[in-house]
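Enquirer: Below you'll find the structure I mean.
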Amino acid sequence: MSRIGYKAIDLPENVTVTNEGENYTVKGPKGELTRHFDPAITIKQEGQEIKLDRPNDSYKALHGTMRANLHNMIIGVTEGYSKKLSLIGVGYRAQLKGTKLVLNVGYSHPVEMDAPKGIKVEVPSNTEITISGISKQVVGEFSAKIRAVRPPEPYKGKGIRYVDEYVRRKEGKTGK
């Protein structure tokens with residue numbers, strides 16, 4: 001059984017946490033994030049430490065989730081998050097046109113995607129994409145949308161995948 005909700009969050013010196021009712025705002029050197037939190041869970045700041053408490057065990061899952069979300073917000077405004085994707089396949093390539101990401105991944109037309117607000121997209125080479133930002137949720141969602149354009153297939157391994165992702169390969173019809 002997880003007790004992550006009771007673990008205290010250490011607040012760095014250059015980060016401030018303020019609340020306006022049920023909305024909490026975390027400000028740091030990289031930016032500012034705001035999120036709505038359930039009023040059933042109490043959030044207390046004692047010096048450079050934040051603790052969350054729940055009224056009873058029926059809020060156990062929400063308790064841990066809220067603690068993780070607040071911790072991710074603090075990490076985001078201090079360090080930020082990034083995901084790296086790679087394109088594998090003959091003729092697969094990516095390029096930036098202004099703020100649009102253009103993917104050529106074997107379709108009859110290039111796929112154009114607009115980056116969400118607060119997300120920085122870089123293309124170091126034409127087969128690598130780096131997505132970075134301060135919100136873990138937005139970075140992960142945009143990375144998943146890019147990957148969903150052409151997910152890796154199990155026979156040749158062609159497609160868009162995360163750099164650290166393992167794709168299980170299958171044998172074809174000739175493999176006995």
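FYI, it's all coordinate maths here, none of it is from the lab. Predicted model, so just to flag it, every value in this text is computed and none were measured. As a convention, Cβ positions derive from the backbone with ideal geometry for all residues, glycine included, and neighbour counts pool all protein chains shown.
Enquirer: Can you check what the net charge comes to around Glu22, using other residues whose Cβ is under 10 Å from the Cβ of Glu22 (Lys, Arg +1; Asp, Glu -1)? Don't jump to the answer; show the numbers that get you there.
Expert: On the way: positive: Arg35; negative: Glu20, Asp38.
In short, -1.
Enquirer: For Tyr81, what is the net charge nearby, where nearby means another residue's Cβ is under 12 Å from its Cβ and Lys, Arg count +1, Asp, Glu -1?
Expert: Numbers: positive: Lys30, Lys83, Lys84, Lys120, Lys136; negative: Glu79, Glu141.
Overall, the nearby charge balance is +3.
Enquirer: Size of the dipole of the chain about the Cα centre, Lys and Arg at +1 and Asp and Glu at -1 on the beta carbon, nothing else charged, in debye to 20?
Expert: In debye, rounded to 20, the chain gives about 1120.
Enquirer: Net charge around Lys97, counting only other residues with Cβ within less than 14 Å of its Cβ (Lys, Arg = +1; Asp, Glu = -1)?
Expert: Combined, the nearby Lys, Arg, Asp and Glu give -1.
Enquirer: Okay, next question. What size of dipole, in debye to the nearest 20, comes out for region 109-176 about its Cα centre when the only charges are +1 on Lys and Arg C-beta atoms and -1 on Asp and Glu C-beta atoms?
Expert: Values: 14 positive and 9 negative charges, 97 e Å.
That gives a dipole near 460 debye.
Enquirer: Just to check I understand the Karplus step: with θ = phi - 60° and J = 6.51 cos²θ - 1.76 cosθ + 1.60, what whole-Hz values come out for region 27-42, glycine and proline as x?
Expert: 10, x, x, 8, x, 9, 10, 10, 8, 8, 10, 5, x, 5, 8, 8
Enquirer: In sequence order, what are the phi-derived ³J(HN,Hα) couplings for region 101-113 according to the Karplus relation 6.51 cos²θ - 1.76 cosθ + 1.60 with θ = phi - 60°, rounded to whole Hz, with x for glycine and proline?
Expert: 9, 10, 10, 10, 10, x, 8, 6, 9, x, 9, 9, 10
Enquirer: Ordered by residue, what ³J(HN,Hα) values in Hz, to whole numbers, does region 53-62 give under the Karplus form 6.51 cos²θ - 1.76 cosθ + 1.60, where θ = phi - 60° and Gly and Pro are x?
Expert: Taking θ as phi minus 60°, the curve returns 9, 10, x, 7, 6, 6, 9, 4, 5, 5 Hz for region 53-62.
Enquirer: What is the total of Lys pairs in region 1-75 with C-alpha atoms under 23 Å apart, excluding same-chain pairs fewer than 8 positions apart?
Expert: Numbers: Lys7/Lys27; Lys7/Lys44; Lys7/Lys51; Lys7/Lys60; Lys27/Lys44; Lys27/Lys51; Lys44/Lys60; Lys51/Lys60.
Qualifying lysine pairs in region 1-75: 8.
Enquirer: May I ask for the angle, rounded to the nearest 10°, between helix 136-149 and the longest principal axis of the chain, with both axes built from Cα atoms and the value confined to 0 to 90°?
Expert: Helix 136-149 sits at roughly 20 degrees to that axis.
Enquirer: Next question. Starting from the Cα of Lys145, draw a straight line to each of the lysines and keep only those under 21 Å, dropping any in the same chain fewer than 8 residues away.
Expert: By straight Cα distance, Lys145 reaches Lys83, Lys84, Lys97, Lys100, Lys117, Lys120, Lys136, Lys158.
Enquirer: May I pose another question? By what distance, in whole Å, do the Cα atoms of the chain stretch along each of the three principal axes, largest value first?
Expert: The Cα atoms of the chain stretch 61, 45, 23 Å along the principal axes, largest first.
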